[in-house]
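*Asks:* Take this structure, written in structure tokens, and hold onto it; I'll ask about it next.
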Amino acid sequence: MNLIPLAKKYFLYFENKNIKSLKSLFGSEVKLRDWEINVQGFDNVVMQNMKIFENLGNFKLKIIDLAQSENIIFAEIEIILANNEIVKVLDKITFNKDSKIAEIKAFKG
């Protein structure tokens, strides 16, 4: 199954801070880990996304590259902050058998 369109939706919803639509993509046991946080469970991941949006303020997200290997999407992205600082990120997004996001691992740099 081609998961790239779902990954593009995820990044669009993330950039637009659209929590309601993000929720529709998450599996019930979703996990989120980055260079600062490590949370598990639907409610915890949703809450953490809300905190991320508050901390980032206004930002833009640019997809540099997307690749798929079985049920995993690898995404190279740039987050452009309001002060024009660019944060380079590599995301590894794992989808479950129902095409819901099971895990997001984000690596800075």
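*Asks:* Filter region 33-73 down to residues that are part of a loop (DSSP other than H, G, I, E, B), among the acidic types (Asp, Glu) and open to solvent by 60 Å² or more (accessible area, probe 1.4 Å), then give me how many there are.
*Replies:* Step one: of region 33-73, the residues part of a loop (DSSP other than H, G, I, E, B) are 34-37, 41, 57-58, 70-71.
From the residues that got through so far, the ones that are among the acidic types (Asp, Glu) too are 34, 36, 70.
Within this subset, residues satisfying the condition of being open to solvent by 60 Å² or more (accessible area, probe 1.4 Å) are 36, 70.
Matching residues across region 33-73 total 2.
*Asks:* Something else about it: Are there any pairs with C-beta distances below 7 angstrom linking a residue in region 71-99 that is without any contact (Cβ under 8 Å) to a residue 40 or more places away in the chain to a residue that is surrounded by fewer than 13 Cβ atoms within 10 Å (Cβ to Cβ) and of a type in the set (Asp, Glu), with the two at least 6 apart or on different chains, and if so which?
*Replies:* Sorted first by the residue in region 71-99, then by its partner, the pairs are GLU76/ASP65.
*Asks:* Out of (1) in contact (Cβ under 8 Å) with a residue 12 or more places away in the chain; (2) within 15 Å of ALA102 (Cβ to Cβ), the odd one out for LYS8 is which?
*Replies:* Just one mismatch for LYS8, condition (2).
*Asks:* In addition: Got a sec? Which of GLU29, GLU36, GLU15 is within 13 Å of the chain's Cα centre (by Cα) and acidic (Asp, Glu)? Don't jump to the end; show me each part of the working.
*Replies:* Details: GLU29 fails: within 13 Å of the chain's Cα centre (by Cα); GLU36 fails: within 13 Å of the chain's Cα centre (by Cα).
On inspection, the qualifying residue turns out to be GLU15.
Listed here are the residues, each with its yes/no results for (1) in a loop (DSSP other than H, G, I, E, B); (2) small (Gly, Ala, Ser).
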| site | (1), (2) |
| --- | --- |
| PRO5 | no, no |
| LEU12 | no, no |
| LYS17 | yes, no |
| SER24 | no, yes |
| LYS31 | no, no |
| ALA106 | no, yes |
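*Asks:* Can you find a residue in region 82-89 that is surrounded by fewer than 14 Cβ atoms within 10 Å (Cβ to Cβ) and small (Gly, Ala, Ser)?
*Replies:* Among the residues of region 82-89, at least one is surrounded by fewer than 14 Cβ atoms within 10 Å (Cβ to Cβ) and small (Gly, Ala, Ser), which makes the answer yes.
The values are calculated or read from the model by the stated rules, or taken from the named source; none is laboratory data. As the structure is a computational prediction, the values presented were derived from the model and not from experiment. Glycine gets a Cβ as well: all are built from the backbone with ideal geometry, and neighbour counts include every protein chain shown. When the accessible area is computed, the model is the full protein with side chains, heavy atoms only, and any ligands, DNA or RNA have been set aside. Shrake-Rupley method; radii C 1.70, N 1.55, O 1.52, S 1.80 Å.
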